[in-house]
Every structure is written in C-alpha cells, then in structure tokens.
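Everything on this sheet refers to the single structure shown next.
Any read-out appearing in this document is the output of simple, stated calculations on the displayed coordinates, not a laboratory observation. Note that the structure is a prediction, hence the values are computed from the model and not measured. Cβ atoms come from the backbone with ideal geometry, glycine included; neighbour counts cover every protein chain shown.
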Amino acid sequence: MVIAWLAASGLALAPIAYDVATAQTKTPAVSKPGLTIEITFPAAAHADPITGRVFFMLSRKGEPEPRFQIGRTGAPFFGRDIERLQPGDAAVIDETDLGSPVESLRDIPPGEYFVQAFVNRYSEFRRADGHTVWMHDDQWEGQRWPRSPGNLYSDVERVHLDPRAGGVVKLVAKNVIPPIVAPADTSSVKRFRFQSPTLTRFWGRPIHLGATVLLPRDYQTTTISYPVNYIQGHFSLAPPLNLEGDKALAQAWVSDTFPRMIAVTFQHPNPYFDDSYAVNSVNVGPYGDAIMRELIPEVEKRFRVIREPYARVLSGGSTGGWEALALQIFHPDFYGGTWAYCPDPVTFSDVEGINIYEDENAYYKRYGWRTVFTPNSREVDGQIRLTSRQRNYFELVNGTRGRSGEQIDIWSAVFGPLGEDGYVEPLFDKRTGVIHKSVAQYWREHFDLLYYLQRNWAAVGPKLAGKLRIYTGDMDTYYLNNSTRALEKWMKASTNPHDEGFFLYGDGKPHCWSGPMTTAERLKEMAQHILHRKPEGVTTPWWAY
C-alpha cells in the first residue's frame, strides 16, 4: 500500500508498467514461477467460444460461495478479459493480473483457502452509432455477473496457496446459472416486461423495459383512477413498497382512511448497469425517451392512473434519488413533485470525494507539499471505509472499459462522452487516477443538475416551485450531502423566481437517510401535496380523508 501510494504521488522507487488496452499490471520478472490459475469450461456447459471476463476468487470460508462474497470490502478476486476462448482451452490468471482488495496473487498469505472460478459472458452489440462493442447482455438479473443466467462457475474447492512456492491451480467452470424466474403476480402486485423498440434500435440487440406495480386495496372493485408514485431505484422485481416487512405500513395501506394510490417501480437494466439513470446518454442510449414515451404510456394504458401532472409524483433514494430529481427537473410539466433521498451527486464538485472540476487526480489531493489519499466512503464517526483508489481498483477488476457494472463506471457511461473505440470515455484513468478535464467539462455541460438549474432557472424555476424535496444524512457514507449542500446554498439565493426548495439533513445519519417520517406518513404527505395541486373542482374519491 505504501509503495502504491508513492507511485500515485510520483515518488515511486520502482516503476510499475501498465497495459491500458488489457488493464493488466506488468511487473518485474520474479526469480521463481509464480502462482498461476488455469480456468477452463467444457463444451457441455457452453459449446461455443466465449468473449468476456474470467475471475478467480478465494476466501477463508466456504459459505456462501466465494462468488457471493465479492464486494467493495469483500473477498479477494482477480480478473482477466478473454476473447473467443474455446471450450477446453485455458484462460490464465497470474501475478500480473489486478485483484481487489489484494492487488496481486503474489500478496496472498500462504494458507488454506476455498477457491472458485467464474466466466462472465459478453455479447456482441452492433450499435446504431456504428460502433461494435462486447458487453454483458443483462438477463433480467440487474447486471450482477455472479448470478447472471448463462454465466459459468466452478465448484468450490479447498486448496493450499503459497505464492512464493508457485504452482498451478486448475479449475473447471462446468456449472451454468439457470434463467431468472420472476415472482408470480398477485391480486395487488402486477409485473410486465416488453421489448423496447427505441433501445433495441440503438443497441442492435433486444433490450427490454419493465415495471412492477402495486395496486391499492380496492382497485379490483372500483372504476376510479388513482394518483401514482413512480419510485426510482436499483433493479428489483420485488413489490414497490415493503408491505411484508413494514407491518405499520401494511395496516395503513388497507385502512379506510389511508390515501389510495398506485406505486410503480421501473426495470431498465442495460449493458452497463442495473439502471439507466432514466436519461438519454451517448453510451447507454436513449433511455430517457424510452421511459417517457414507451414505459410510462404502457403503465397508463394498463392501469387506471390519473394522467395529469399533479397526480404524478416521484421518489427514490441514492441512484433513485438522482433520478427522482432529474426526471422532475428535466420534465417539470410532466411530474407534480419529487421526494429525493440521499441523491447521487447533484453537482460534480463532490463525486464520492472527488472534485472533478478542481482536483487533478481522483485518487489523492495535494495540500502544498503534502499529498493525501482521497476518501471514497466513511463510517458515521468519520473513519474512512474505503479510498477512491481502492474503490476504483475494485471496479477495474470487475471489468475493463467501463464494464464493471459498478457505480463510477455507470456515472462515466451516463454523464460522460463516447470514446473513439465505442466504449466509455472515462472521467479519469482508472489505474493512475489522472482526471481528464475535457471529460469533466462534458459532465458539467450535460448532467450537472445544479449547473442546469443555474443556466435554465428563468424557464424551469417557475415550473419547479414547491416540487423539490431533498433528504440526506449529514454523514452520508459517500459524502453525498456535500453536493446537496451546494444545491441548497444556490437555491436559497435564487431569484426570478426565488424558490428555496426543501432540504432536510439527518444529524449523524449515513447513506441512505430518508427523513424522520415513516413510509406511511410520507405517503400521506405525498397525498396532501397532490390534493393541494389538483385543479379546482376535481374530486378525490381515492382518499376519503
């Protein structure tokens, strides 16, 4: 770690070469053959050659399987890209391949480990923009390669590893992950999925959109239409509200005095992430158009929704918090209000600790003569959980060229420009942390929500009056409260019109604090907001208040 820090600071004692094309660390030759992992798959598991990425993972415990122990602070794993690997041929992972949280196989302490191999399959996308790219084709699992249908994995084996002694570990990825089985519909929970014409044209392969809908208690016995809460967030096939886990909410939901509304979550996984961020982007595609012109009209066709702006509200946390804000801000005439919890950066002066406009490097900051690591996440007492470098190396092991399926990569895909090779033009070099200032400017011009409001306030400000509500803990795990503070400061000084919005901070609360109200109380607050904004003379049979 000290040597890596010195390298990032330009003070390294020994150089470490890096091949950007393959994202493999090249190190000086060792005197003995190092530890080598050979991964194969049989034709019985997959008859055709595979382009994708192979992984080797290890753990001191066998349960759950090592593939399910991988995470930002999880078990060590190592990856390498493969191209047209034939059944029976070996993909090799060795000491030159980057790992996380242990960066090289040579640094694994000698001992007994439970190990596993994995093959993440990519598919060819011949996009409408003329680029051909190889990406993971989501199988309705939400871009989680350890459980994606069609991917291959080996049995878990217990082996002795000693990098200094070297040796070869051979693993066969003979197991195939089966298709996802969606939960069955009930009288109150309905799901649908369809192939999006807009997105299929862009990606050159079938791309699907979907929604899960929670209906109010008397939906089947009435003919009235209801307001709708479009709840934004990560991919899930679970019901929009946790009625099973929240007994108070479940009781309120079916009571005579509770407002009756429809709750909807969207499913829009894509080749980069489990969620598109609900906007048009050059890398991910026209998801904003597809959601507004295909998915929401499908919801309103299938269910009795009040098709008026005052009766459409938004909510969501984290990724969903950013989407709930962005949809309201970019479509101020379509939605009637938003409740955004712990939103992803609303301005890019703090992107999980990185000021993309002022910092020169995403991995450290300079204060005079001193160089300090940039933190990525923290505990509520301020202790650092993960540095930016560690966070991004974790992503780089998951996938090169922005294909990790992780957070920083999807921000680069959504907010950033298209690279010459058809993949993402990253905000910074994933290995060195050097920020590309032209890319930072692109982020600002296209998706910095604060900057958008500053430029367009005269036009959108009057339409957003009273519609923006933001909640976050003041010790947000990923420092997201810093960007909301910047937005709040600007809105408090806004003019023509003056609208301060509503901001509430939880004292000492982490990610993702959503305010002091219960979910039932929040739904009532939304209903009151809808009542206050309904046109004069419109009745409200959906709430016998």
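Which value, in debye to the nearest 20, describes the size of the charge dipole of the chain about its Cα centre when Lys and Arg Cβ atoms bear +1, Asp and Glu Cβ atoms bear -1, and nothing else is charged?
Numbers: 58 positive and 62 negative charges, 102 e Å.
Result for the chain is approximately 480 debye, rounded to the nearest 20.
Ranking request for peptides 98-105, 501-508, 180-187, 468-475: highest mean number of other beta-carbon atoms within 10 Å first, then the rest in descending order.
Values: 98-105: 20.2, 501-508: 15.1, 180-187: 10.5, 468-475: 23.1.
Those peptides, ordered most packed to least, come out 468-475, 98-105, 501-508, 180-187.
For residue 174, give me every one of the aspartates and glutamates with a C-alpha distance below 18 angstrom, ignoring sequence neighbours fewer than eight places off in its own chain.
Output for residue 174: 38, 48, 65, 89, 155, 157.
Between region 226-263 and region 454-511, how far is it from one alpha carbon centroid to the other, in angstrom?
One Cα centre to the other: 26 Å.
So for the chain, averaging the separation of alpha carbon pairs under 8 Å that are six or more residues apart and normalising by length, what relative contact order in percent results? Write down the numbers at each step before the final one.
Working: 1215 pairs, mean separation 67.5, N = 545.
RCO, the chain: 12 percent.
So which lysines can residue 430 reach, going by Cα to Cα under 20 Å and dropping same-chain residues fewer than 8 places off?
26, 365
Grab the other residues whose beta carbon is less than 14 angstrom from that of residue 101, score K and R as +1, D and E as -1, and report the net.
Working: positive: 60, 72, 385, 389, 391; negative: 103, 107, 395.
Within the 14 Å Cβ shell, the charges total +2.
Sorting check: for 131-142, 168-179, which peptide has the highest mean count of neighbouring beta carbons within 10 Å, and how do the rest follow?
Values: 131-142: 19.9, 168-179: 16.1.
Per-residue Cβ counts within 10 Å, averaged per peptide and sorted highest first, yield 131-142, 168-179.
Order the peptides 380-388, 410-418 from the highest to the lowest mean number of other Cβ atoms within 10 Å of their residues. Kindly include the intermediate steps, with their values, before the conclusion.
Details: 380-388: 14.4, 410-418: 24.2.
Descending packing order for the listed peptides: 410-418, 380-388.
Would you please give the FRET efficiency between residue 102 and residue 492, computed as 1/(1 + (r/R0)^6) with r the Cβ-Cβ distance and R0 = 41 Å, to the nearest 0.05? Can you show the working numbers first?
On the way: r = 47 Å, r/R0 = 1.14.
With R0 = 41 Å, the Cβ-Cβ based efficiency is 0.30.
I need the Kirkwood Rh of region 21-143: take the reciprocal of the average 1/r across all distinct C-alpha pairs and report it in angstrom.
Numbers: mean 1/r = 0.0625 Å⁻¹.
Final number for the Kirkwood radius of region 21-143 is 16.0 Å.
Subtract the Cα-Cα distance of residue 246 and residue 48 from 0.36 nm times their separation in residues, and report this length gain in nm to one decimal. Walk me through the numbers before you get to the answer.
Numbers: separation 198, 0.36 × 198 = 71.28 nm, distance 4.72 nm.
Length gained, residue 246 through residue 48: 66.6 nm.
Less than 12 Å Cβ to Cβ from residue 354, Lys/Arg counted +1 and Asp/Glu -1: what total charge do the surrounding residues give?
On the way: positive: 365, 389, 391; negative: 350, 352, 358, 359, 360.
Here the charged neighbours net out to -2.
Given the options 202, 468, 396, identify the residue whose Cα lies farthest towards the positive end of the charge dipole of the chain (+1 on Cβ of Lys, Arg; -1 on Cβ of Asp, Glu).
Towards the positive end, the residue furthest out is 468.
How much mean residue ellipticity at 222 nm does the chain get from its helices, if each DSSP H run of length 4 or more adds -39500 (n - 2.57) and you divide by all residues, to the nearest 500 deg cm²/dmol? Can you show the working numbers first?
On the way: 12 runs with 119 residues, N = 545.
After summing the helix terms and dividing by residue count, I get -6500 deg cm²/dmol.
What does a probe at residue 157 reach in region 59-73, counting residues whose amide N is under 14 Å from the point 7 Å along Cα→Cβ?
none
Percent relative contact order of region 219-354, based on C-alpha pairs within less than 8 angstrom and at least six residues apart?
On the way: 211 pairs, mean separation 36.4, N = 136.
RCO, region 219-354: 27 percent.
When Lys and Arg each count +1 and Asp and Glu each count -1, what net charge do the other residues less than 10 Å away from residue 233, Cβ to Cβ, add up to? Before the final figure, lay out each step's value.
Details: positive: none; negative: 274, 275, 323.
Neighbourhood net charge equals -3.
Identify, among 433, 105, 268, the residue whose Cα sits farthest towards the positive end of the charge dipole of the chain, taking +1 on the Cβ of Lys and Arg and -1 on the Cβ of Asp and Glu, with the dipole about the Cα centre.
It is 268, whose Cα lies furthest towards the positive end.
Output the relative contact order of region 84-188, whole-number percent, from Cα pairs under 8 angstrom with separation of 6+ residues. Let's see the in-between values first.
On the way: 139 pairs, mean separation 29.1, N = 105.
So the answer I get is 28 percent.
Filter the cross-link list 437/463; 301/534; 463/534 down to pairs whose alpha-carbon distance in this structure exceeds 25 Å. Walk me through the numbers before you get to the answer.
Numbers: 437/463 33 Å; 301/534 22 Å; 463/534 15 Å.
From the list (437/463; 301/534; 463/534), the Cα-Cα distance tops 25 Å for 437/463.
Determine, from the Cβ-Cβ distance of residue 420 and residue 304 and an R0 of 30 Å, the FRET efficiency 1/(1 + (r/R0)^6), rounded to the nearest 0.05. Walk me through the intermediate numbers first.
On the way: r = 49 Å, r/R0 = 1.63.
Here the calculated transfer efficiency is 0.05.
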